[in-house]
Amino acid sequence: MRNWLPAVGTAVVLLVAWEVIVRAFEVQTWLLPAPTVILAELFDSFGLLVRHAGTTLTEILLGFLISVSLGIVLASGIVWSRAVERSVYPIIIASQTIPIFTLAPLLIIWVGTDIMSKVIVVVLFTFFPIVISLVTGLRSVDREMVDMFRTLGASPFQTFRKLMVPTALPNFFAGMKVAAVVSVIGAVIGEWVGASAGLGWLMKLSGPQFQTARVFAAIVVLSVLAMALFAAVVLLEKWSLRNYPATASQVSGLGES
Amino acid sequence: MDAISGRAGVVAGERSGGSGPPDSPGAEGAPFLAVSGVGFHYESMVVLEDINLSVGRGEFVALLGPSGCGKSTLLNLISGVLAPSTGQITVPAPAGAHNSQGRGGRAGRLGHVSYMQQKDLLLPWRTVSENGRLGLELRGVGAAESDAEVAHLAESFGLADVLGSMPWQLSGGMRQRVALLRALLPDNPVLLLDEPFGALDAITRSGLQQWLLNVLDRSAKAVLLVTHDVEEAILLGDRVLVMAPEPGRIVAELDVRLDLRDRRNPETSTTPAFVAMKKRLLGLLNRQGADL
């Protein structure tokens, strides 16, 4: 909890500065609402926000789960077989050169405006970091370790399950953390292009009506969702890696001697 | 109690330049480990050429040579990790299968030869006990049964108090003992040691060498140790095979047990017989160096 205090301090300073500037220069609410106005809007429209947040969260969680499953299957296949690697891996990488934003309208045409089109956008955003991190993790296994397993009579599947998967876990969680954050972006983009519910849709609707405070309130809820998702992944990571030794990634504050 | 008597010192076929001792009169049956005419080349490079050696039951053979002479490659061939380009390697069939000799393809020997490397290669996410039981676990032995076997062996390995610890909490010497325990638990007749104490400091190494002799004294395994340390070869080996590089081959064989029965005495390495043997081996090694 102590580690969070400096960040909270920074946020409070910025919010106070925002409030002071808005009041001092008498900025119109439709242009830039003060933090206190946004807070009031959060309370006033709480039911509305929660309802739409529920839709968005459903899209995110479904997309995230599909991505993790798809990522595990693809990464395992890529590492297991050279044929799969050669036929699939370049396509996966090439697919990320297509701006996903431009695919969203096509998905609306093909799948419709219901929840599935948004779930697919979330998957398109999140499976890439998961696959790449998992492939990297599975490949980071030491050749000598693999040979040691073989001398103990391990089958390829035993080596995969008892050596490669545990070796890949830290990388896998790094990819999941990135995916958790971008999944929110994916859901909002999907809703922006075509939807009838969700926080992205609410923002798109409120903007042209100059309900700027509501747009900000939706942004606040979205970032709370993203942070909660991120925290959930971190908790799962801490539990899964509880027996792992401290790594270089936990070294920080190098500049403070 | 003389640990050496009764051991079957089986010497491989004739070898030019070798000064091999006569066969022990009591040599009985086939050697546990037999390597005949084994060569290995990687692309166009000849790594090993015409390697012949055998290790009998209860015998401890040291393979001495400079870095890069292919010692570790030879162990990888024997363990089955690599397949020889030419020649044949024979190890006893695993316990339970009495008739057929485990020979032929590399898959045939994998899992039937205990192999301990210079690096401990412990899994950092497993406790000492979980690391130790890995070989049994891969054979399908249940956790409770294999944990009991680990605990049983841990007593003489000085690991009884750290079974629940993680590898990073242990000293280098302790980690090597865990690695040896892991290699020994599947109870294969052949044990390969690749510079097992090479990464340790001199005092720890000396202690572990004595301890290793005690542990292995109670087993009837064929042990092949690879080292570039002349003293370690004399201290631990019944016989020393000297290797030369480019291509890796065995150039000499010395019986080092006759005058050195008291190898558990820490003073042994200063006795005239030991020093003479060391000089002789160093001479053999240097001669090979000068030939290059």
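Just so you know, all these numbers are worked out from the coordinates, no wet-lab data involved. In this text the structure is predicted, and so the values were computed from the model without any measurement. All Cβ positions, even for glycine, are placed from backbone atoms using ideal geometry, and neighbour counts span all protein chains on display.
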Check: region A:99-174 dipole with +1 on Lys, Arg Cβ and -1 on Asp, Glu Cβ, in debye = 120 debye
inquiry  = Which one, A:Met203, A:Leu152, A:Ile185, projects farthest toward the positive side of the charge dipole computed for region A:121-251 from Cβ point charges (K/R +1, D/E -1)?
reply    = A:Leu152
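Quickly rank B:160-169, A:116-125, B:246-255 as a protection proxy: mean count of other C-beta atoms within 10 Å, highest first.
A:116-125, B:246-255, B:160-169
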ask   = Separation between the B:Ala143 and A:Ala83 pseudo-spin-labels, each 7 Å from Cα along Cα→Cβ, expressed in nm?
value = 3.7 nm
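Hey, fewest Cβ within 10 Å first, where do A:Asp44, B:Asp120 land in order?
Details: A:Asp44 13, B:Asp120 21.
Sorted ascending by nearby Cβ count, the order is A:Asp44, B:Asp120.
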note = Which of A:Lys118/A:Lys204; B:Lys119/B:Lys221; A:Lys177/A:Lys238 exceed 20 Å between C-alpha atoms? The answer is B:Lys119/B:Lys221
query = Per residue of chain A, what 222 nm ellipticity follows from adding -39500 (n - 2.57) for every DSSP H run with n ≥ 4, rounded to the nearest 500?
reply = -25500 deg cm²/dmol
message = Compute, for region B:118-190, the length of the dipole vector about the Cα centre, with Cβ point charges of +1 (Lys, Arg) and -1 (Asp, Glu) only. Units Debye, rounded to 20.
response = 320 debye
Ellipsoid equivalent to region A:69-186 - semi-axes via the Cα gyration tensor, in Å = 33, 14, 11
message = Going by amide H atoms built from the backbone, whose H comes under 5 Å of the H on B:Gly39, apart from near neighbours?
response = B:Asp50, B:Ile51, B:Ser85, B:Thr86, B:Gly87
inquiry  = Out of all DSSP beta bridges in region B:145-255, what portion is antiparallel? Express it as a percent rounded to 5.
reply    = 55 percent
query = Restricting attention to region A:1-108, which chymotrypsin sites (Phe, Trp or Tyr not before Pro) occupy a DSSP loop and are surrounded by at most 12 other Cβ atoms within 10 Å?
reply = A:Phe25, A:Trp30
request  = Note down the nm distance, to one decimal, between modelled labels 7 Å out along Cα→Cβ at A:Val234 and at B:Thr204.
outcome  = 3.6 nm
note = At 20 °C in a medium of viscosity 1.002 mPa s, region B:142-189 has a Stokes-Einstein diffusion coefficient, with Rh taken as the Kirkwood radius over alpha carbon pairs, in µm² per second, of 192 µm²/s
inquiry  = Under 8 Å for C-alpha pairs, at least 6 residues apart: give me the relative contact order for chain A, rounded to a whole percent.
reply    = 26 percent
task = Just check chain A against the gyration tensor rule for me: Cα atoms, a ≥ b ≥ c as the square roots of the eigenvalues, rounded for a/c under 1.5, and otherwise prolate or oblate depending on whether a/b exceeds b/c.
result = oblate
query = Using r as the Cβ-Cβ distance of A:Thr10 and A:Leu205, and R0 as 25 Å, what FRET efficiency do you calculate, to the nearest 0.05?
reply = 0.20
query = For A:Ile108, A:Ile115, what ranking results if the residue with the fewest other Cβ atoms within 10 Å of its Cβ goes first?
reply = A:Ile108, A:Ile115
query = Which of the lysines could a cross-linker bridge to B:Lys278, judged by Cα under 21 Å and excluding same-chain residues fewer than eight apart?
reply = B:Lys71
key: Most fluctuating residue given options A:Thr113, A:Thr159, A:Thr151, as computed from a GNM of chain A linking Cα atoms under 10 Å   = A:Thr151
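Please report, in debye to the nearest 20, how large the charge dipole of region A:1-142 is about its Cα centre when each Lys and Arg carries +1 at its beta carbon and each Asp and Glu carries -1 there.
Numbers: 7 positive and 8 negative charges, 90 e Å.
Roughly 440 debye for region A:1-142.
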key: Alpha-carbon spread of the protein assembly as shown, three principal axes, descending order, Å   = 104, 50, 50
remark   = Going fewest to most other Cβ atoms within 10 Å around each Cβ, B:Tyr42, A:Tyr89, A:Tyr244, B:Tyr115 line up as B:Tyr42, A:Tyr244, A:Tyr89, B:Tyr115
query = Per-residue HN-Hα couplings for region A:232-243, Karplus 6.51 cos²θ - 1.76 cosθ + 1.60 at θ = phi - 60°, whole Hz, x for Gly and Pro?
reply = 4, 5, 5, 4, 4, 5, 4, 5, 5, 9, 4, 9
Shielding of A:149-162 by partner chains, average beta-carbon count, 10 Å = 6
inquiry  = If you average the C-alpha positions of region B:178-212 and of region B:224-241 separately, how far apart do those two centres end up, in angstrom?
reply    = 13 Å
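Based on DSSP, what percent of beta bridges with both residues in the protein assembly as shown are antiparallel, to the nearest 5?
Values: 18 of 36 bridges.
About 50 percent, rounded to the nearest 5.
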